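The values are calculated or read from the model by the stated rules, or taken from the named source; none is laboratory data. As the structure is a computational prediction, the values presented were derived from the model and not from experiment. All Cβ positions, even for glycine, are placed from backbone atoms using ideal geometry, and neighbour counts span all protein chains on display.
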Amino acid sequence: MNRGIYSIDKPRGFALSTPVSILVRQLVSFAGCGIIGASAHYTTLLVAVEVLHLNPLLASSIGFAIGALVNYYFNRTYTFRSSVPHIHGLPKFATVAVIGMFFNTSIMSLAISHLSVHYIIAQICATGCVFLWNFSGHRFWTFAHTEKHKNNTKWLSK
């Protein structure tokens, strides 16, 4: 019996996975993977500003890009368990990430230049603000699992 893309066969006595429970699992997993990506981002930011004496906005953008690459791997593999080919998933991921980088840089610029906030505090605020954009973009577009996608890529395997 086909229960749809959100069903997971479980032993009797357990509730079937619902779209809401899958969404919550993905959100928690996205946050966990995000901690790993943010660690790469913040490490790059700190080294670039404190050791290499780069401008915090430039350093944050470089760190964001490195964190995004880390996040692509972990979220594709663990959060969304995606089998979407890289040729389709990576450009979508990059599009969402570039928009997220724009938000990140805008928030950092506003906080540092206009509000005189320390760059680390500005980055923490930016990270929090960009989190929901990134999750939504990747959940509902980059890694959206649909039968339509599977049917449209069958010709690639021929």
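Selection of the stretch 29-60 for residues being surrounded by fewer than 21 Cβ atoms within 10 Å (Cβ to Cβ), small (G, A, S) and over 23 Å from S113 (Cβ atoms) yields S29, A31, G32, S39, A40. Checking each residue in the stretch 70-88 for being in contact (Cβ under 8 Å) with a residue 12 or more places away in the chain and either in contact with a Lys or Arg (Cβ under 6 Å, 6 or more places away or on another chain) or among the aliphatic types (A, V, I, L, M) (or both) picks out V70, S82, V84. Close Cβ contacts (under 9 Å, 6 or more residues apart or on different chains) running from residues in the stretch 89-113 that are touching a residue at least 24 places away in the same chain (Cβ under 8 Å) to residues that are in a helix (DSSP H, G or I) and among the basic types (K, R) comprise G89/R76; F93/R76. Go through the residues of the stretch 144-157 one by one and say whether even a single one is surrounded by 12 or more Cβ atoms within 10 Å (Cβ to Cβ) and either modelled with pLDDT of 95 or more or within 12 Å of the chain's Cα centre (by Cα) (or both). Among the residues of the stretch 144-157, not one is surrounded by 12 or more Cβ atoms within 10 Å (Cβ to Cβ) and either modelled with pLDDT of 95 or more or within 12 Å of the chain's Cα centre (by Cα) (or both), which makes the answer no. Whether any residue in the stretch 50-66 is part of a helix (DSSP H, G or I), under 22 Å from A144 (Cβ atoms) and modelled with pLDDT of 95 or more is what I want to check. No, there is no match, as no residue in the stretch 50-66 is part of a helix (DSSP H, G or I), under 22 Å from A144 (Cβ atoms) and modelled with pLDDT of 95 or more. The single condition among (1) surrounded by fewer than 20 Cβ atoms within 10 Å (Cβ to Cβ); (2) at pLDDT 95 or above that P85 does not meet is (2). Candidates are the residues of the stretch 1-49 that are of a type in the set (K, R) and over 23 Å from the mean Cα position of the chain (by Cα); the one that is modelled with the highest pLDDT is R3.
Restricting the stretch 120-139 to residues that are in contact (Cβ under 8 Å) with a residue 60 or more places away in the chain and aromatic (F, W, Y), the residue that is surrounded by the fewest Cβ atoms within 10 Å (Cβ to Cβ) is F131.
Which one is surrounded by the most Cβ atoms within 10 Å (Cβ to Cβ) among residues in the stretch 105-119 that are among the hydrophobic types (A, V, I, L, M, F, W, C) and under 25 Å from the mean Cα position of the chain (by Cα)?
Looking at the filtered set, the residue picked out is M108.
Return the residues of the stretch 88-101 that are farther than 15 Å from R139 by Cβ and loosely packed, with under 14 Cβ neighbours inside 10 Å; say none if nothing qualifies. Within the stretch 88-101, P91, V98 qualify. Scanning the stretch 75-108 for residues that are farther than 25 Å from A122 by Cα, part of a helix (DSSP H, G or I), of a type in the set (A, V, I, L, M, F, W, C) and touching a helix residue (DSSP H, G or I) at 6+ places or on another chain (Cβ under 8 Å) gives a single hit, L90.
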